[in-house]
Amino acid sequence: MKNLYMEQAIIEARKAFDLGEVPVGAIIVHKGNIIARAHNLRENSSNALAHAEILAIDEACKKLNSWRLDNCELYVTLEPCPMCAGAIINSRISTVYFGAYDSKGGACGSVVDLFAKGSFNHSPTLYSGIMEEACEEVLKEFFRTLR
């Protein structure tokens with residue numbers, strides 16, 4: 001199932017790509033159902049907060065009518081940044097799956113590890129490198145088109 005959900009996140013990343021956004025996609029799964037999906041919209045919305053994870057968390061909170069996203073899983077194509085990792089912690093997402101590592105801004109072990117056990121009052125279970133090559137390829141393709 002992990003790959004099926006990550007494939008859905010990659011579809012979201014492609015939507016961002018088509019809009020000229022850095023292609024990052026995210027979905028949130030609750031009890032086996034996708035309840036939120038989003039992609040980066042920072043450039044098009046002129047909003048620094050419009051990361052795929054933040055938008056997906058917002059949608060999931062509205063769907064569940066709760067700020068607590070217990071029993072939810074986040075699938076995202078790129079390792080979350082510090083802002084998104086903070087939102088994940090604060091929303092109590094249970095499990096995070098990410099594809100590509102972010103050596104310049106990743107907050108799940110690449111630069112810092114905000115999910116380290118004991119660092120905060122909540123630490124989601126983390127799985128990294130899920131469909132890593134496919135997630136990296138979308139990013140590489142995007143940045144090749146910019147050059």
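Tell me yes or no: at least one residue of the range 5-24 is without any contact (Cβ under 8 Å) to a residue 24 or more places away in the chain and either part of a loop (DSSP other than H, G, I, E, B) or among the acidic types (Asp, Glu) (or both). There is at least one residue in the range 5-24 that is without any contact (Cβ under 8 Å) to a residue 24 or more places away in the chain and either part of a loop (DSSP other than H, G, I, E, B) or among the acidic types (Asp, Glu) (or both).
For the range 79-100, give me each residue that is in a loop (DSSP other than H, G, I, E, B) and either more than 25 Å from Glu133 (Cβ to Cβ) or touching a strand residue (DSSP E or B) at 6+ places or on another chain (Cβ under 8 Å) (or both). First the steps, then the outcome.
First pass over the range 79-100, keeping only residues in a loop (DSSP other than H, G, I, E, B): 79-81, 92-94.
Of everything in the range 79-100, those that are in a loop (DSSP other than H, G, I, E, B) and either more than 25 Å from Glu133 (Cβ to Cβ) or touching a strand residue (DSSP E or B) at 6+ places or on another chain (Cβ under 8 Å) (or both) turn out to be Glu79, Pro80, Arg92, Ile93, Ser94.
As a summary of the residue check, Thr145 satisfies the conditions (1) of a type in the set (Ser, Thr, Tyr); (2) modelled with pLDDT under 95; (3) under 25 Å from Asn33 (Cα atoms) except for the one numbered (3).
Looking at Ser91, is it under 22 Å from Lys2 (Cβ atoms), among the hydroxyl-bearing types (Ser, Thr, Tyr) and free of Cβ contacts under 8 Å to residues at least 60 places away in the same chain?
Working: under 22 Å from Lys2 (Cβ atoms): yes; among the hydroxyl-bearing types (Ser, Thr, Tyr): yes; free of Cβ contacts under 8 Å to residues at least 60 places away in the same chain: yes.
Considered against the rule, which asks whether it is under 22 Å from Lys2 (Cβ atoms), among the hydroxyl-bearing types (Ser, Thr, Tyr) and free of Cβ contacts under 8 Å to residues at least 60 places away in the same chain, Ser91 comes out as yes.
Among the listed residues Lys104, Lys117, identify the single one that is of a type in the set (D, E, K, R), open to solvent by 30 Å² or more (accessible area, probe 1.4 Å), at pLDDT below 95 and out of contact with any His (no Cβ under 6 Å at 6 or more places or on another chain). Even if it seems obvious, please write down each step before you answer.
Numbers: Lys104 fails: at pLDDT below 95.
It is Lys117.
What is the residue count in the range 31-41 for residues that are more than 10 Å from the chain's Cα centre (by Cα) and open to solvent by 40 Å² or more (accessible area, probe 1.4 Å)? Spell out the reasoning first.
Narrowing the range 31-41 to residues more than 10 Å from the chain's Cα centre (by Cα): 31-36, 41.
After this cut, where a residue has to be open to solvent by 40 Å² or more (accessible area, probe 1.4 Å) as well, the list is 31-34, 41.
Looking only at that region, the number is 5.
The values are calculated or read from the model by the stated rules, or taken from the named source; none is laboratory data. Note that the coordinates shown come from a computational prediction; the quantities given were computed from them, not determined experimentally. Here the Cβ is made from the backbone with ideal geometry for all residues, glycine too, and neighbour counts use every protein chain on show. Calculation scope for accessible area: heavy atoms of the full protein, side chains included, ligands and nucleic acids excluded. Shrake-Rupley method; radii C 1.70, N 1.55, O 1.52, S 1.80 Å.
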